[in-house]
Amino acid sequence: MLLSHYLGLLENSEKQLTDAFEHVSRKHKDEPDIEQICQKLSAWSREHHGKIMSFVEKYSEEQSNEPANLKRDLFTQKRSGSLALLRDLHDVWLLTQEVQLCWIVIRQAALGLRDEELKACYAFCSARTKRQGDWLLGRIKQAAPQTLLVAEE
Amino acid sequence: MKETRDSIADIWGSRTGYEGQWPVRVDERVEEEPDHWVQSACVLCSNGCGCDIGVKDGRIVGVRGRAVDSVNHGRLGPKGLHGWVANNSPDRLTKPLIRRNGKLEEATWDEAMSLIVSKSKELIDKHTASSIGFYTSGQLFLEEYYALGVVGKAGLGTPHMDGNTRLCTATAAAALKVSFGSDGQPGSYSDLDTTEAILHVGHNIASQQTVLWMRVLDRLAGPNPPKLVVIDPRATYTVEKATVHLAPRVGTNIPVMNGLLHLIIEAGQINQEYIDAHTLGFEELKQIVAKWTPDRVERLTGVPADKLREAAHILGTCNSLVSTALQGVYQSMQATASAVQVNNLHLLRGLIGRPGSGIYQMNGQPTAQSTRECGADGDLPGFRNWGNEEHIQQLADLWNVHPDQIPHWSPPTHAMQLWRYCEQGSIKMLWISGTNPLVSLPDLARARKILAKEDLFVIVQDAFPTETTALADVVLPAAIWGEKTGCFTNVGRTVHISHKAVDPPGEARSDFDIFVDYSQRMDFRDKDGNPLLTSTWQTTEDAFNAWRECTRGRPCDYTGMSYAKLTGGSGIQWPCNEQYPDGKPHLYEDGVFSTDIDYCETYGHDLETGAPRSKDDYKLLDPKGKAFLKGVDYEPPHEEPDESYPLWLTTGRLVYHFHTRTKTGRSKALYDAAPDSYVQLATEDAARYGIAEGDMVEVTSRRGKVLEPARIGDIEPGLVFIPFHYGYWDKPDRPRAANELTLTEWDPVSKQPHFKYAAVRIRKV
Ligand code: SF4
């Protein structure tokens, strides 16, 4: 059974998302809404991560080293200027999509396994992941025109 | 001099207990006998009391209440009776000023406007119209807001338009939209005449809306007094009359409201039939509030469980209920979510849409409702939905412009974001009208730095020199109330006309004339090359008639109103149209709310993150006229007292002053009644710090410090209070504006800043 493979992928992605929100919160603390909401959303991901861990243990018979390779090339360059906020939010949004997709895949397995707990965990976490993505998208849409048309480097 | 009552010493005047109709009492104060009276309404708070302006030899010499007016039945409070004196103040701005070599110097209108126009054109060329922002007020008239809305949205096409209403009433609007799909107060002031119970949450009505409070006081003095529940951390005048007073810790409105709803649901005092027929979301709400048992509420908020039960009993058993909320809710943590809980209370009990039951998501400023209606702030004219292409098309048709000319590609820029863009340098011209942000914004040190920036061109349009005009590049002298004709809506949807009584001083012009002049000079044109709407507006009545068309079919329908109809009698509530020629006292009588997907003003937000909901998400909910019941769990404030800053600071208002005292500070009687700021401390805290009444106290937060004389008592230990009105124009010698201390942060949904809490330390100096 390769479910543990995907759970590992998910667990790793939620961890990255936790760190990413935390990072953006600190980096853009001059934007008060970014600082606070990102802290809140980071806490959500941390909580999700905790919940997923119990399933990682439950289905741990087959380990995979996939998660170690996952590390995306995000937040690597030292960005600055007004584009930085937009690009950082963009990257975090990509991470939320990664998490969301993992959930969709895992949910299919949960249905097959009739694992009610995993299904409930999916329902709780993936709804919040959608809200994370929605918030990011709203904020990106707000920042985009000003950044691309008016702001200078 | 004739004065029917001394409103300074006796703020609310004598009592006439009543049942049925609130009796008339005409309050009047004139310095000389007027040769004629001109119809108006007071603009010193959101009550908007009908009044007449007394004129003698072309000067305002006094005011009297209008007996026929449905809002005040002739009464006026201290601000209304004395505030007009400011119009005659010798320090009015009478000529445009332009900054030359670092100094503001007198200029002609032509020079000032030409400079603004050439600057605008240069910026649009280089950086698009998104480099220009407008920051207006809750003080202008409806026609002026609409003119500004059209100039900004159809002329320039900038998304950056908001006002200081964001600081005072954004949450009121947000909460109404969240629950009912559109802005607009469901009830009517007349509900106070018959209601069995009143709930005031974070609303010091006795000091804010003195005349509305007279109505409550007169009910309390009558044969069948309503029960009064007041939620406020301070012992205010309002609290003195409470049947039950709940004093929660700062930032804990949500647990208290959740606790009340929980008790009412548990006791089976809800109207299940109404809930099933007219609302969505009951089960989720029930689950959320179920966690808030009285004991848990007590532990977190400090409100004794028994008191909470007492309050819940009143709110759960009354057959009619009027609730009001203001800044104690709107400027606190979880602002929109807490305000929504007040709406939930009425929905759960089915106490809405009929006489005796109303919700007042109050406004702080007199004409804030007009800003929201007309689209001079983050809203679109006529409560249109920025996410609804059809609504944008309607505006485009009205103005005969391409729909993409009207910015609607993202949520509208809110005030705090606007200031942030100025700080970052991507807004390069900021046009401020009728407000004084350098006293009213949070974190003043940051605000001052922004306005002083070299690369920000600042235009300030005001009647008086203020802390803000001092930093402007161009100052435009504006006419004010009494010197121009226009309409405005009070918090209860009542529209008043205010006729011009006297000429403005010197070369001062109305805000309306200034915006129309700008539009003409900018040569804004519609799709067919004709001058944009504003250029065909000769008078404010033309603008009012255009505005009427804009409201057709929308919740704030003005089509049945006209200058003629508004003149002579009482103010009129919207909607006013063929069906309701005299206005409509209650919205949602049929339990059908403005939530239909094609009609609603918003597709809503995530209450916790503020993320806007898309049309597709909304389709899934498909409320079809049902109201939303929404709840959230408690979140602690973002800054809490710690070792270095061990006390809570909260801010608020005084009965004698309005906002930054630009007007009330220029009325001798009001000035003398409350000449200076202060810091209010609990007796225990005063003893701990060795502070006696009147001692000078230094109050410091992470952002700044102020020096205030101490006033001791009537406040919970651990909390200190400073009134927010005071700045520097009349007393530059010591830091005293409360907003030196407050935080730059805001509610995720309404984007209203959190003024009501900050961590501070104090010491005697
Ligand atoms: S209650 Fe408000 S509107 Fe009425 S007189 Fe007083 S300040 Fe003016």
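Check the stretch B:382-390 and report whether any residue there is of a type outside the set (Gly, Ala, Ser), open to solvent by 10 Å² or more (accessible area, probe 1.4 Å) and part of a loop (DSSP other than H, G, I, E, B). Taking every residue of the stretch B:382-390 in turn, at least one turns out to be of a type outside the set (Gly, Ala, Ser), open to solvent by 10 Å² or more (accessible area, probe 1.4 Å) and part of a loop (DSSP other than H, G, I, E, B). Note on the stretch B:423-441: among residues that are within 10 Å of another protein chain (Cβ to nearest Cβ) and part of a loop (DSSP other than H, G, I, E, B), the one that is surrounded by the fewest Cβ atoms within 10 Å (Cβ to Cβ) is B:Gly425.
Among the residues of the stretch A:74-98, those that are of a type in the set (D, E, K, R) and either more than 23 Å from B:Pro612 (Cα to Cα) or open to solvent by less than 50 Å² (accessible area, probe 1.4 Å) (or both) comprise A:Lys78, A:Arg79, A:Asp88, A:Asp91, A:Glu98. If you check B:Ala478, B:Ala470, B:Ala452 for being small (Gly, Ala, Ser) and touching a strand residue (DSSP E or B) at 6+ places or on another chain (Cβ under 6 Å), only one passes: B:Ala478. Taking every residue in the stretch B:210-229 that is away from every other protein chain (no Cβ under 14 Å) and pairing it with any residue that is among the acidic types (Asp, Glu) and more than 16 Å from the ligand (Cβ to nearest atom), at least 6 positions away or on another chain, the pairs with Cβ-Cβ distances below 8 Å are B:Arg215/B:Asp193; B:Arg219/B:Asp193; B:Gly222/B:Glu19; B:Pro223/B:Glu19; B:Asn224/B:Glu19; B:Pro226/B:Glu196; B:Lys227/B:Glu196. State yes or no: is B:Gly569 without any contact (Cβ under 8 Å) to a residue 12 or more places away in the chain and in a loop (DSSP other than H, G, I, E, B)? Taking the combined requirement at face value, the residue does not satisfy it. Per the listing B:Val475, B:Val458, B:Val516, B:Val491, the residue uniquely surrounded by 21 or more Cβ atoms within 10 Å (Cβ to Cβ), part of a helix (DSSP H, G or I) and aliphatic (A, V, I, L, M) is B:Val516. Among the residues of the stretch B:29-57, those identified as part of a strand (DSSP E or B), open to solvent by 10 Å² or more (accessible area, probe 1.4 Å) and away from the ligand (no atom under 13 Å from the Cβ) are B:His36, B:Trp37, B:Val38, B:Gln39, B:Lys56. In contact (Cβ under 8 Å) with a residue 40 or more places away in the chain and either more than 30 Å from B:Asp125 (Cβ to Cβ) or within 14 Å of another protein chain (Cβ to nearest Cβ) (or both): does that describe B:Ala376? In short, no. When B:Glu483 is tested against (1) modelled with pLDDT of 95 or more; (2) away from every other protein chain (no Cβ under 14 Å); (3) buried (at least 24 other Cβ atoms within 10 Å of the Cβ), exactly one condition is not met: (3). Just one of the listed residues (B:Arg420, B:Arg446) is under 22 Å from B:Gly727 (Cα atoms), open to solvent by 10 Å² or more (accessible area, probe 1.4 Å), of a type in the set (Lys, Arg) and within 14 Å of chain A (Cβ to nearest Cβ), namely B:Arg446.
For the stretch B:280-300, the count of residues that are hydroxyl-bearing (Ser, Thr, Tyr) and either under 31 Å from the mean Cα position of the chain (by Cα) or under 19 Å from B:Val749 (Cβ atoms) (or both) is zero.
For the stretch A:1-57, the candidate set comprises residues that are basic (Lys, Arg) and within 14 Å of chain B (Cβ to nearest Cβ); within that set, the residue that is farthest from A:Leu85 (Cα to Cα) is A:Lys40. Residues that are under 19 Å from the mean Cα position of the chain (by Cα) and either crowded, with 21+ Cβ neighbours inside 10 Å or over 25 Å from A:Cys38 (Cα atoms) (or both) were ranked within the stretch A:99-115; the one that is nearest to the other protein chains (Cβ to nearest Cβ) is A:Val99. The residue pairs whose first member lies in the stretch A:126-153 and is within 13 Å of A:Gly81 (Cα to Cα), whose second member is open to solvent by 30 Å² or more (accessible area, probe 1.4 Å) and of a type in the set (Val, Ile, Thr), and whose beta carbons are closer than 9 Å, counting only pairs six or more residues apart or on different chains, are A:Val150/B:Thr128.
Checked against the criterion of being surrounded by fewer than 23 Cβ atoms within 10 Å (Cβ to Cβ) and either within 30 Å of B:Asn88 (Cβ to Cβ) or within 16 Å of the ligand (Cβ to nearest atom) (or both), the candidates B:Asp642, B:Asp695, B:Asp676 yield just one match: B:Asp676. The condition (being within 16 Å of the ligand (Cβ to nearest atom) and either closer than 28 Å to B:Asn363 by Cα or buried (at least 23 other Cβ atoms within 10 Å of the Cβ) (or both)) is satisfied by just one residue among B:Leu681, B:Leu654, B:Leu649: B:Leu654. Condition test on B:Tyr671, is it within 16 Å of the ligand (Cβ to nearest atom) and open to solvent by 50 Å² or more (accessible area, probe 1.4 Å)? Spelling it out, B:Tyr671 is indeed within 16 Å of the ligand (Cβ to nearest atom) and open to solvent by 50 Å² or more (accessible area, probe 1.4 Å). No other residue among B:Gly80, B:Gly62 is over 22 Å from B:His725 (Cβ atoms) and in contact (Cβ under 8 Å) with a residue 12 or more places away in the chain apart from B:Gly62. Take the residues in the stretch B:572-626 that are assigned to a strand (DSSP E or B) and under 17 Å from B:Thr494 (Cα atoms); name whichever of them is nearest to the other protein chains (Cβ to nearest Cβ). Here the residue is B:Gln573.
Taking the criterion of being at the interface with chain B (Cβ under 7 Å from one of its Cβ atoms) and within 18 Å of A:Cys38 (Cβ to Cβ), the residues of the stretch A:137-153 that qualify are A:Gly138, A:Lys141, A:Gln142.
Here B:Pro186, B:Pro226 are screened, and the one residue that is more than 21 Å from the chain's Cα centre (by Cα) and not hydroxyl-bearing (Ser, Thr, Tyr) is B:Pro226.
Picking from residues in the stretch B:194-246 that are part of a loop (DSSP other than H, G, I, E, B) and polar (S, T, N, Q), the one that is surrounded by the fewest Cβ atoms within 10 Å (Cβ to Cβ) is B:Asn224.
Of the listed requirements (1) open to solvent by less than 10 Å² (accessible area, probe 1.4 Å); (2) within 19 Å of the chain's Cα centre (by Cα); (3) away from chain A (no Cβ under 14 Å), B:Val760 misses just one: (2). Residues in the stretch A:116-153 that are polar (S, T, N, Q) and in contact with a Leu (Cβ under 8 Å, 6 or more places away or on another chain) were compared, and the one that is most open to solvent (accessible area, probe 1.4 Å) is A:Thr147. Checked against (1) farther than 20 Å from B:Leu156 by Cα; (2) touching a Gly at 6+ places or on another chain (Cβ under 7 Å), B:Phe524 passes all but a single condition, namely (1). May I ask you to verify whether B:Thr128 is away from the ligand (no atom under 13 Å from the Cβ), open to solvent by 10 Å² or more (accessible area, probe 1.4 Å), among the hydroxyl-bearing types (Ser, Thr, Tyr) and modelled with pLDDT of 95 or more? Criteria not met by B:Thr128.
The values are calculated or read from the model by the stated rules, or taken from the named source; none is laboratory data. Quick caveat: nothing in here was measured; it's all calculated off a predicted structure. Glycine gets a Cβ as well: all are built from the backbone with ideal geometry, and neighbour counts include every protein chain shown. Accessible surface areas use protein heavy atoms only, side chains included; no ligands, DNA or RNA. Shrake-Rupley method; radii C 1.70, N 1.55, O 1.52, S 1.80 Å.
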